[in-house]
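Structure provided below as structure tokens; questions to follow.
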Amino acid sequence: MTEANLLIYALIFCIITIAFYAISSRLQQSYQLIWLNPMLVTILLIVPILLLTNISYAQYYQATEALSLLTEPAIVALGFPLYQQLKQIKYQWRQIIALLALGVVIVLAVSFALTMLWIQQEKLAIALSLKSVTTPIGIALTKQFSADSSITAFAIIIAGLAGGLLGQNWLKRFGVHSAQAQGLAIGAASHVIGTAVLAKVSPQHTAYSSVALIFSALLTALVTPLLLPILIDFYQ
């Protein structure tokens, strides 16, 4: 792709992406429907356009890289609610880390076991077991075990959207109404997407979700190289 074509693609797709996101965000604010989540709607609208125009995801990503770069300061901004709740969190850090570590082990083990039980494909089980972590760490760990990182990336998006769209209502159905508990659960399972959704709920939700997002990522990076080889040997 020439520089001129890339510039045209960048301009067109950045405008389209921002427009879809802005429109769906306005619609969600007006109608308060969870399935009008801006990220979900934007994905559902962009994919058919790429298929109809025969433009690959790699070309789209290259054209909209400027938008991707904006996610970095946006993620950093999530640290402000964390700072506001830091005094309270520091008295609970032992319990929080223990719960998150247990959650990481359970998610890895259960996801791997269920995939092996139903599909019996080791590489797929590895890829799907890393769905509840931020994309860079999930992809890096998947490549370390020579699995398909594209499946991991897709599973991470689905986990994020599921938690962002349904997580809070689902937790309430099971009697979990605490902002702290909801934040930890959604942050651990649905990472950045879930945390971004909770940012619209309350600073306390956002703070605890940010803590879960950060420490779950670190714990997953530490636990996975130890736990996955054990699981792989067990199912061989």
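Give me the count of lysine pairs in the range 77-180 whose alpha carbons sit under 27 angstrom apart, restricted to pairs 8 or more positions apart or on different chains.
Here the count comes out as 6.
Can you give me the Kirkwood hydrodynamic radius for the chain, using every pair of distinct Cα atoms, in Å to one decimal? Provide the component values of the computation, followed by the final result.
Working: mean 1/r = 0.0525 Å⁻¹.
Value: 19.1 Å, from the Cα pair sum.
So, one more: Quick one: 3J(HN,Hα) in Hz for the range 205-216, Karplus 6.51/-1.76/1.60 with θ = phi - 60°, rounded, Gly and Pro as x.
Each residue's phi maps through the Karplus curve to give 4, 5, 4, 6, 5, 5, 4, 5, 4, 5, 6, 5 Hz.
Separate question: Say R0 is 45 Å: what FRET efficiency, to the nearest 0.05, do LYS87 and LEU67 get from their beta-carbon distance? Spell out each step's value before the answer.
Numbers: r = 35 Å, r/R0 = 0.78.
It comes to 0.80.
Follow-up. Rounded, prolate or oblate for the range 94-175? Axes are the square roots of the Cα gyration tensor eigenvalues, ordered a ≥ b ≥ c, and the cut-off for rounded is a/c under 1.5.
Details: a/c = 1.63, a/b = 1.52, b/c = 1.07.
The shape class here is prolate.
A further question on this structure: About the Cα centre of the chain, what is the dipole size in debye to 20, counting +1 per Lys and Arg Cβ and -1 per Asp and Glu Cβ, all else neutral?
Details: 10 positive and 6 negative charges, 156 e Å.
The dipole of the chain has a size of about 760 debye.
Can I ask one more? Run the accessible area of the range 1-55 with a 1.4 Å probe and give the carbon-and-sulfur part as a rounded percent. List each step's numbers first, then the result.
Values: 2820 of 3910 Å².
Carbon and sulfur together cover 72 percent of it.
Given a 1.4 Å probe, how much area per residue of the chain is accessible, in Å²? Walk me through the intermediate numbers first.
Values: 13700 Å² over 236 residues.
Averaged over the residues of the chain, the accessible area is 58 Å².
For the range 1-69 and the range 154-198, compute the distance between their C-alpha centroids and round to whole Å.
What the calculation gives is 24 Å, centre to centre.
Still on this structure: Quickly work out the ILE49-to-ALA140 label distance, labels modelled 7 Å from Cα along the C-beta direction, and quote it in nm with one decimal.
3.2
The values are calculated or read from the model by the stated rules, or taken from the named source; none is laboratory data. This is a predicted model, so every value here is computed, not measured. As a convention, Cβ positions derive from the backbone with ideal geometry for all residues, glycine included, and neighbour counts pool all protein chains shown. Surface areas here come from the heavy atoms of the whole protein model, side chains and all, with no ligands, DNA or RNA. Shrake-Rupley method; radii C 1.70, N 1.55, O 1.52, S 1.80 Å.
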